[in-house]
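Worksheet for the structure shown next.
The values are calculated or read from the model by the stated rules, or taken from the named source; none is laboratory data. None of the values given here were measured: they were computed from a predicted structure. In this analysis, Cβ positions are derived from the backbone assuming ideal geometry, glycine residues included, and neighbour counts consider all displayed protein chains.
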Amino acid sequence: MKSDHPNGKQSPSEDSPSSLKGCPKDGVVESTSMKGCPKDGVVESSSKKGFPKDGVVDYFMVYKTPVFKRYTPNLPYNPNLKLRARKLRKAGVLSEVLFWQVVHQGHFWGIDFDRQRVIGNYVVDFYVKSLSLVVEIDGSSHDGKEEYDRERQTILESLGLKVFRIEDYRVKSDLDAVMRELEDFIVREYSVPNSSNK
């Protein structure tokens, strides 16, 4: 599959096998048999851990680099934090709003971001389910909480998640550079399938 589209959408290459005709959008390449596959042939069950064994390659493109999806099923969830997450979404912290304007509705390479997502006993700023990626924007509320932030990140990473941290002032002053850094991080961390899932 090839793509030069800024949002990472694919179109089949001329040398694609005929069995790939009708592939769904967003760069998903399917095996010839789709029996039992939910929505557009993408398997999202707990048996899927980023690189299924049935020949389905689930990825999208960032520039000309394939980025492999990695789902982490059954993340812990504290329902007592649901109201707090809702309040944080409504609070409208400027750096989070600016970042959200760039990534919501798949504007950033077609990637779906959740805002103020509850994971375990934490509410993370942004979460990308298809990559098991947490994006945290560190503002003044994090001052003096470095130890807490390190412990929190260690726990999130122990769940199989990756964490990308951004300074609040950088989002406000140089958002373009921040988004390029996030692109680079995604390409670097997700450009090969999980070796444990091969």
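Does LEU182 satisfy the condition of being over 18 Å from ILE111 (Cα atoms), assigned to a helix (DSSP H, G or I), within 19 Å of the chain's Cα centre (by Cα) and not aromatic (Phe, Trp, Tyr)? Talk me through it step by step, then tell me what you get.
Values: over 18 Å from ILE111 (Cα atoms): no; assigned to a helix (DSSP H, G or I): yes; within 19 Å of the chain's Cα centre (by Cα): yes; not aromatic (Phe, Trp, Tyr): yes.
Against the criterion (over 18 Å from ILE111 (Cα atoms), assigned to a helix (DSSP H, G or I), within 19 Å of the chain's Cα centre (by Cα) and not aromatic (Phe, Trp, Tyr)), LEU182 does not qualify.
Of all residues in segment 87-96, exactly one satisfies the criterion of being touching a helix residue (DSSP H, G or I) at 6+ places or on another chain (Cβ under 9 Å) and not in a helix (DSSP H, G or I), namely VAL93.
Against the definition (surrounded by 12 or more Cβ atoms within 10 Å (Cβ to Cβ), among the β-branched types (Val, Ile, Thr), at pLDDT 95 or above and more than 13 Å from the chain's Cα centre (by Cα)), how does VAL171 come out, yes or no? Spell out the reasoning first.
Numbers: surrounded by 12 or more Cβ atoms within 10 Å (Cβ to Cβ): yes; among the β-branched types (Val, Ile, Thr): yes; at pLDDT 95 or above: yes; more than 13 Å from the chain's Cα centre (by Cα): yes.
In short, yes.
Of the residues that make up segment 158-167, is at least one among the β-branched types (Val, Ile, Thr), more than 22 Å from THR65 (Cα to Cα), loosely packed, with under 14 Cβ neighbours inside 10 Å and over 15 Å from the mean Cα position of the chain (by Cα)? Spell out the reasoning first.
Taking segment 158-167 first, the residues among the β-branched types (Val, Ile, Thr) are 163, 166.
The next check asks that each one be more than 22 Å from THR65 (Cα to Cα); those that pass are 166.
In the following step, the residues that additionally are loosely packed, with under 14 Cβ neighbours inside 10 Å were identified as none.
Looking for residues that are among the β-branched types (Val, Ile, Thr), more than 22 Å from THR65 (Cα to Cα), loosely packed, with under 14 Cβ neighbours inside 10 Å and over 15 Å from the mean Cα position of the chain (by Cα), one finds none in segment 158-167, hence no.
The residue that is modelled with the highest pLDDT, counting only those in segment 141-150 that are in a helix (DSSP H, G or I), loosely packed, with under 11 Cβ neighbours inside 10 Å and charged (D, E, K, R), is ARG150.
Does VAL124 count as surrounded by 15 or more Cβ atoms within 10 Å (Cβ to Cβ) and under 24 Å from SER191 (Cβ atoms)? Give the derivation first.
Numbers: surrounded by 15 or more Cβ atoms within 10 Å (Cβ to Cβ): yes; under 24 Å from SER191 (Cβ atoms): yes.
For VAL124, the condition - surrounded by 15 or more Cβ atoms within 10 Å (Cβ to Cβ) and under 24 Å from SER191 (Cβ atoms) - is met.
Within segment 97-123, the residues that satisfy the criterion of being in contact (Cβ under 8 Å) with a residue 60 or more places away in the chain and either of a type in the set (D, E, K, R) or assigned to a helix (DSSP H, G or I) (or both) are LEU98, PHE99, VAL102, GLY106. Kindly provide the set of residues from segment 174-198 that are more than 20 Å from PHE113 (Cβ to Cβ) and either at pLDDT 95 or above or surrounded by 13 or more Cβ atoms within 10 Å (Cβ to Cβ) (or both), ordered by number. Answer for segment 174-198, where residues must be more than 20 Å from PHE113 (Cβ to Cβ) and either at pLDDT 95 or above or surrounded by 13 or more Cβ atoms within 10 Å (Cβ to Cβ) (or both): PRO193, ASN194, ASN197.
Quickly run through segment 65-86 and pick out the residues that are in contact (Cβ under 8 Å) with a residue 40 or more places away in the chain and either aromatic (Phe, Trp, Tyr) or part of a helix (DSSP H, G or I) (or both). Even if it seems obvious, please write down each step before you answer.
Step one: of segment 65-86, the residues in contact (Cβ under 8 Å) with a residue 40 or more places away in the chain are 65-72, 75-78, 81.
PHE68, TYR71, TYR77, LEU81 - these are the residues of segment 65-86 that are in contact (Cβ under 8 Å) with a residue 40 or more places away in the chain and either aromatic (Phe, Trp, Tyr) or part of a helix (DSSP H, G or I) (or both).
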